[in-house]
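Below you'll find the structure, written out as structure tokens, and then a few comments.
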Amino acid sequence: MFIIWFALLVFIAQDCSSQDDGGPYQGKFIGKLNSYHHQVSGDVYAIDDWTVLLINFNYDGTGDDTFFWAGDSGRPGPQGFIIPDEYGKTNILERYNNADVRLRLPEGKRISRIKWLAVYDVNTQNAFGDVYVPDDFEAPSPRNVGAMAAAPGVSISSKPVRFLDACTFVIPEFRYDGSGEEVYFWTGVGPQPSSRGTIIPNEYGYLEPLRAYNGEDVQLELPGGRTVFEVDWVAVWDAREKTALASVLLPAGLNVPPATLVIHPHRSKLPHCKQLHRDYQVSWEVFGNQITIQLAAQIGPNDYMAFGISGNDTRSQMLGADVAVAYFNTTLQQGVAGDYNITALAPCVRVLGQWVGVCHDERSGGLNNHQLFSASREDGLTLLTYRRSLQPDEAMDRAWNTEGPQYVVWAIGSLDHEGEPSYHRLYHRSDVVVKLMENPPENDCFDFVIGERAGVRAWERAELFDPALRVFRFALGPAGGARGLAGRGGSGPALAWYVNGQLAPDLQLRRGLHYTFRVSGGNEPHSATEYHPLVVTPEPHGGLERLADSEQRRVRVLAGARATRRGLSPDAAGPLCLATRPPGADPRLDVTFTTFRAFNRSLRWSCAPGAPADLRLAPDSSWPDRVYYHSFTHADMGGRIFVVDKHRRNIARSAARRASPLAAALAPALALALALSSLP
């Protein structure tokens with residue numbers, strides 16, 4: 001596939017597939033429309049057995065009663081059926097001028113079973129243009145290409161590899177023990193696998209050595225929008241030994257559907273470029289005593305991308321790192337490249353009066369030493385370019401090494417409600433090294449692709465509504481990533497409250513009754529990560545410790561903290577009771593657990609000695625119908641409390657169906673109007 005990149009950065013996105021030099025792969029060619037009337041013309045392709053694609057389709061739109069029409073016998077005539085247009089409607093066709101039109105056949109119809117497709121006028125029973133489907137036509141569909149063949153003495157196996165479309169394939173029941181230090185999914189051209197190939201990002205987009213797989217179905221994308229027509233093999237490759245541990249050869253001309261992804265035209269103008277993740281790359285140039293860095297990532301509108309110098313000179317380490325936290329503010333339409341230091345693996349929080357965690361240098365009394373040059377966000381790609389000095393401008397900064405390898409760190413995550421970085425969801429697990437002055441320049445970047453990828457469904461949120469339940473036990477555990485709290489629309493913290501063993505469940509408290517929250521959130525105020533007093537407020541986020549004293553005094557705290565002259569002082573912490581993953585478990589793989597029950601069974605609990613702190617509550621009529629339980633120190637770790645006069649199941653759903661405030665305000669007037677209208 002050829003990427004046309006104009007100097008003026010004109011956007012031209014091509015399909016993520018190419019079969020030959022004739023252009024992007026559109027599917028299997030059926031034929032050209034025969035033109036009879038009304039300037040009908042175009043090329044017709046089958047995307048799969050249910051979907052037709054018209055390329056450069058023309059029709060003057062002057063027919064009286066004209067439709068896309070198809071039939072399974074004879075020639076175009078009244079014994080056919082309407083094919084809905086590209087919007088799924090069966091309206092009379094309007095004008096088309098060199099349009100690409102995707103049509104979906106009606107339910108129960110297949111391309112391989114029809115004889116013809118036409119632009120047909122029902123009123124005059126004339127075909128303005130038509131194409132005939134060959135008798136032996138086989139529409140594109142997912143295809144098997146054979147199982148992974150392991151090298152002698154290598155324990156790797158799979159069922160036949162299946163290409164779902166021109167870019168995407170699945171290795172079913174893949175087994176590999178994960179023992180290799182530099183083993184990757186790999187692809188390339190030639191009669192057999194070789195070192196001239198390219199890494200295939202793993203199923204989560206990482207370009208790092210493979211973990212162990214135990215009979216999993218692994219879905220992968222060929223890198224940078226490449227297609228099955230551009231590569232000859234897929235392999236499991238040992239980069240250290242330069243040998244294929246297992247491989248499968250790909251047949252030519254595979255009849256598969258075209259991919260839905262398209263290539264993004266971005267190419268960095270800076271000479272050095274490193275692909276950090278399938279959706280994230282960094283490029284740079286050193287000039288004099290300055291380094292210019294460009295970050296490019298396919299992220300959400302409320303996401304940040306972080307990149308910087310490792311906190312350790314011999315490996316990639318987040319703790320102690322000096323990083324840029326960059327994002328594009330869609331409201332202000334401007335970029336931000338903040339200068340941050342990581343003094344603890346936690347959001348920035350005050351610990352005994354000092355700011356600790358992932359903190360902006362300005363919050364710690366320093367300066368923002370990043371000079372922002374440009375920023376943009378288009379087609380889901382966020383792009384920021386900034387400059388900084390190679391040598392530190394202040395004591396809290398670190399120096400870039402131009403004489404040898406430089407260990408770096410990177411991450412992607414969501415901004416919290418205050419616009420600060422929350423816990424990252426994408427990040428490196430192995431060392432990441434760049435050589436700033438390498439000649440020729442280092443460049444392993446590949447094209448970004450645009451398109452919707454399958455997401456994961458969040459675990460069901462538990463609800464504790466038993467009227468007899470008066471004691472709730474609060475402990476801490478992993479937040480569960482995209483299936484846990486991040487899947488509920490929050491910023492995605494590292495830890496969350498576990499209440500009676502459930503992940504941040506909904507609680508129901510009845511007015512007039514007394515309750516006890518037994519809190520084991522950690523009572524060591526010197527820790528930035530393991531000190532979480534519990535508070536209950538009408539405010540939905542928590543993390544009150546980050547607020548200034550004047551802002552704290554404006555927050556209504558229903559339980560868990562008392563007001564002092566210096567702000568709020570929490571009083572419900574208790575010795576730490578913490579659930580952790582098994583040793584060596586990768587937190588990024590929390591998404592592999594399809595249910596919270598399965599995830600919960602994998603955790604290991606450890607509780608410090610001592611009795612929990614008891615927080616006593618007695619909701620009354622002054623409490624709002626919905627309040628929240630939080631950590632006093634970190635934001636978005638908790639859940640909802642529904643304050644009720646009578647317990648009932650599924651209260652969250654019924655609350656979501658309540659009338660809007662405007663409808664509620666108008667309800668009395670509407671009732672009065674109805675009553676008056678019924679009077680004689």
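The values are calculated or read from the model by the stated rules, or taken from the named source; none is laboratory data. Everything numeric in this text was worked out from a predicted model, so none of it was measured. As a convention, Cβ positions derive from the backbone with ideal geometry for all residues, glycine included, and neighbour counts pool all protein chains shown. Side chains are part of the model used for accessible areas, which takes the heavy atoms of the whole protein and leaves out ligands, DNA and RNA. Shrake-Rupley method; radii C 1.70, N 1.55, O 1.52, S 1.80 Å.
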| field | Qualifying residues in segment 557-575 (those that are more than 38 Å from the chain's Cα centre (by Cα) and not in a strand (DSSP E or B)) - the one farthest from Cys607 (Cα to Cα) | value | Arg565
| remark: Taking segment 510-566 and keeping residues surrounded by fewer than 16 Cβ atoms within 10 Å (Cβ to Cβ), of a type in the set (D, E, K, R) and under 18 Å from Cys577 (Cβ atoms) leaves Glu524
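Can you tell which of Val122, Val218 is in contact (Cβ under 8 Å) with a residue 24 or more places away in the chain, open to solvent by less than 20 Å² (accessible area, probe 1.4 Å) and hydrophobic (A, V, I, L, M, F, W, C)?
Of the residues listed, the single one that is in contact (Cβ under 8 Å) with a residue 24 or more places away in the chain, open to solvent by less than 20 Å² (accessible area, probe 1.4 Å) and hydrophobic (A, V, I, L, M, F, W, C) is Val218.
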| request: Please state which one of Val248, Val170, Val236 is closer than 21 Å to Ile47 by Cα and either open to solvent by 30 Å² or more (accessible area, probe 1.4 Å) or not in a loop (DSSP other than H, G, I, E, B) (or both). | output: Val170
| field | Matching residues in segment 246-265 - criterion: being farther than 27 Å from Tyr280 by Cβ and of a type outside the set (Gly, Ala, Ser) | value | Val248, Leu249, Leu250, Pro251, Leu254, Asn255, Val256, Pro257
| field | Single residue of segment 469-484 satisfying the filter (within 17 Å of the chain's Cα centre (by Cα) and open to solvent by less than 10 Å² (accessible area, probe 1.4 Å)) that is farthest from Trp605 (Cα to Cα) | value | Gly484
| message | Checking Ser195 against (1) closer than 30 Å to Ile55 by Cβ; (2) in a loop (DSSP other than H, G, I, E, B); (3) open to solvent by 30 Å² or more (accessible area, probe 1.4 Å), only one condition comes out false. Which one? | response | (1)
| request: Just one of (1) open to solvent by 30 Å² or more (accessible area, probe 1.4 Å); (2) closer than 30 Å to Met637 by Cβ trips up Trp459, so point out which. | output: (1)
| On the given criteria, is Gly542 in contact (Cβ under 8 Å) with a residue 40 or more places away in the chain, at positive phi and in contact with a Pro (Cβ under 7 Å, 6 or more places away or on another chain)? | no
| note | Condition set in a loop (DSSP other than H, G, I, E, B) and among the hydrophobic types (A, V, I, L, M, F, W, C), scope segment 543-556, selection nearest to Gly639 (Cα to Cα): answer is Val555
| field | segment 365-383 residues that are more than 23 Å from Val449 (Cβ to Cβ), paired with ones that are open to solvent by less than 30 Å² (accessible area, probe 1.4 Å) and outside any strand (DSSP E or B) (beta carbon under 7 Å, 6 or more apart) | value | Leu367/Asp361; Asn368/Asp361; Asn369/Asp397
| query | Does Phe593 satisfy being more than 26 Å from Phe517 (Cβ to Cβ), out of contact with any His (no Cβ under 9 Å at 6 or more places or on another chain) and among the aromatic types (Phe, Trp, Tyr)? | reply | yes
| query | Which residue, of Ser179, Ser157, is within 16 Å of Arg240 (Cα to Cα) and open to solvent by less than 90 Å² (accessible area, probe 1.4 Å)? | reply | Ser179
| field | Residues of segment 337-379 satisfying the condition of being more than 29 Å from Leu547 (Cβ to Cβ) and open to solvent by less than 30 Å² (accessible area, probe 1.4 Å) | value | none
| field | Among (1) farther than 30 Å from Pro172 by Cβ; (2) touching a strand residue (DSSP E or B) at 6+ places or on another chain (Cβ under 7 Å); (3) open to solvent by less than 10 Å² (accessible area, probe 1.4 Å); (4) not small (Gly, Ala, Ser) - the single one His277 does not satisfy | value | (1)
| message | Every residue in segment 38-89 that is polar (S, T, N, Q) and either within 26 Å of Pro258 (Cβ to Cβ) or assigned to a loop (DSSP other than H, G, I, E, B) (or both), please. | response | Gln39, Ser41, Thr51, Asn56, Asn58, Thr62, Ser73, Gln79
| note | Note on Val286: of the conditions (1) outside any strand (DSSP E or B); (2) over 28 Å from the mean Cα position of the chain (by Cα); (3) of a type in the set (A, V, I, L, M), unmet is (1)
| Extreme residue, farthest from Pro421 (Cα to Cα), among residues of segment 282-295 that are open to solvent by less than 10 Å² (accessible area, probe 1.4 Å) and touching an Asp or Glu at 6+ places or on another chain (Cβ under 9 Å) | Ile291
